[in-house]
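Throughout, read-outs are computed from the coordinates displayed, never taken from laboratory work. Treat the numbers as computed from the prediction; the structure is a model and nothing was measured. Every residue, glycine as well, gets a Cβ built from its backbone with ideal geometry; the counts of neighbours run over all protein chains shown.
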Amino acid sequence: MTGALTQISRTEHLPARIAAQFARQIQEGDLKPGDKLPTENTMSKNFGVSRTVIREAIAQLRNEGMIETRQGVGAFVIDRPTRHIRLDDRRQMDTHGFRDLFQLRVPLEIEAAGLAATYHRAEHLRQLDEALQRMSVAGGDDGIVADLDFHRIIAAATGNDYFVQFLGAVSDRILQTIVESRERTRLDEIVAIVNREHTELRDAIAARDPVRARAAMRAHMVGSAERIALRLEFYL
């Protein structure tokens, strides 16, 4: 199986391209439910990239509902719902692409936050807290993975699998947004801002206040867009 993996061009968005290779193997049946992915070290050598890039690719596959990770054990292919959305788009994100992404993402994420505040379980709060901790400790590249996980957990906390699928389908674009914003701002500054926004969102969900959670997510979306020089338009 590892023989089918190929090194990735440096001009491509690395985590997304690696995730796409594994996704094709899963979709074509070369990787089946229960199969274990190679170790991070093995994938890093096979693809010719850093382990951080591999972690981001694994996070994307997890967000798309294709794999699960078991701490200290590895990543495994899981059974996926019959209906599963995956965008096969190899274009690098530009200003128009980011705007299109936010036009879709904003209503989905705001509604997900409100539903998560209403329907979350204790395990979701625990997972949100773990992701927040990882973002605080891993202010560098690993913090990007924690950021993606935070939004995936909110989607899962809605109790509605469509949110998980739709947001998972654009997870590689969301990842590119995070990377782009970090390239425009000093890392310590952006980590502090993003952690504050995520903490406000977590607290609103914990309080089971859907109105406050929606407002917190809206503020986070506005901030995320502004950090890549986009101005969101609201009509309500």
Checklist entry - Based solely on its DSSP helices, what 222 nm [θ] is calculated for the chain when runs of n ≥ 4 H residues each add -39,500 (n - 2.57) and the sum is averaged over all residues, nearest 500 deg cm²/dmol? => result -21000 deg cm²/dmol
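Sort 45-58, 17-30 for me by packing, meaning the mean count of neighbouring Cβ atoms within 10 Å per residue, highest on top.
Values: 45-58: 19.9, 17-30: 17.7.
Highest-to-lowest ranking by the protection proxy: 45-58, 17-30.
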Item to check | Compactness of the range 95-226 - radius of gyration and Dmax, Cα, Å | outcome: 13.5, 39
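Find the relative contact order for the range 2-77 and round it to a whole percent, using C-alpha pairs within less than 8 Å whose residues are 6+ positions apart. Please list the in-between numbers first.
Working: 80 pairs, mean separation 28.7, N = 76.
Worked out over the range 2-77, it gives 38 percent.
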Next on the checklist: So if I take the centroid of the Cα atoms in the range 21-41 and the same for the range 173-219, what is the distance between those two points in Å?
Outcome noted: 31
Checklist entry - Could you state the principal axis extents of the C-alpha atoms in the range 2-77, from the largest down, to the nearest angstrom? => result 32, 28, 23
Checklist entry - In the chain, which whole DSSP H runs stretch at least 15 Å along their own axis (Cα) and average -1.0 or higher on the Kyte-Doolittle scale? => result 14-27, 51-63, 95-119, 122-137, 142-157, 171-184, 187-206, 210-226
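Would you mind working out the magnitude of the charge dipole of the range 95-226 relative to its Cα centre, with +1 at each Lys and Arg C-beta and -1 at each Asp and Glu C-beta, to the nearest 20 Debye? Can you show the working numbers first?
Working: 16 positive and 21 negative charges, 66 e Å.
In total the dipole reaches around 320 debye.
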Next on the checklist: Just to be sure I understand the model, the point goes 7 Å from the Cα along the line to the Cβ. What's the resulting D79 to L104 distance in nm?
Outcome noted: 2.8
Item to check | Binned Cα-Cα distances of the chain, short to long, each 10 Å bin given as a whole percent | outcome: 7, 33, 38, 19, 3, 0
Next on the checklist: Rounded to the nearest 20 debye, what is the charge dipole size of the range 2-77 about its Cα centre when +1 sits on each Lys and Arg Cβ and -1 on each Asp and Glu Cβ?
Outcome noted: 200
Checklist entry - Fully extended, how many nm does the chain gain between R121 and E233 (0.36 nm per residue separation, minus their Cα-Cα distance)? => result 37.0 nm
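Cβ under 13 Å from Q133's Cβ, Q133 left aside: what net charge do those residues give with Lys, Arg +1 and Asp, Glu -1? Working shown, then result.
Numbers: positive: R126, R134, R202; negative: D129, E130, D142, D147, D149.
Combined, the nearby Lys, Arg, Asp and Glu give -2.
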Checklist entry - Treating the beta-carbon of each Lys and Arg as +1 and of each Asp and Glu as -1, no other charges, what is the dipole magnitude of the chain about its Cα centre, to the nearest 20 debye? => result 120
Next on the checklist: Springs between alpha-carbon pairs under 10 angstrom, Gaussian network model over the chain: which of V137, V106, V194 fluctuates most?
Outcome noted: V137
